[in-house]
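I have placed the structure first, in the form of structure tokens, so that the comments after it can refer back to it.
FYI, it's all coordinate maths here, none of it is from the lab. All values derive from a computational prediction rather than experimental measurement. Neighbour counts run over all protein chains shown; Cβ positions are idealised from the backbone, glycine included.
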Amino acid sequence: MTTRTRTFTLTLALLLTLAGYAQKFEYKFQDPKLSISERTDDLISRLTLEEKVGQLMYGAPAIERLGIPQ
């Protein structure tokens, strides 16, 4: 491997690693670094009563405003 190729590969790996650290989450419940309790508390506080009831159904509908798929 040439020095130029090696430098390019290492630079690319570094940039990809840093991009992962720079990931921002719109809501706390999307952040996997938080505890399950913190995430569920945040999610439940954001849901309306109708959305909470809807999640009790077998085919729960998506909640697009929070980015929750069906």
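A compact table of results
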read-out: For the chain, size of Cβ-based charge dipole, Lys and Arg +1, Asp and Glu -1, in debye; value: 480
read-out: Selection of trypsin sites (Lys or Arg not before Pro), the chain, meeting DSSP coil and at most 15 other Cβ within 10 Å; value: 24, 33
read-out: Those chymotrypsin sites (Phe, Trp or Tyr not before Pro) in the chain that DSSP places in a loop and that have at most 16 other beta carbons within 10 Å; value: 25, 27, 58
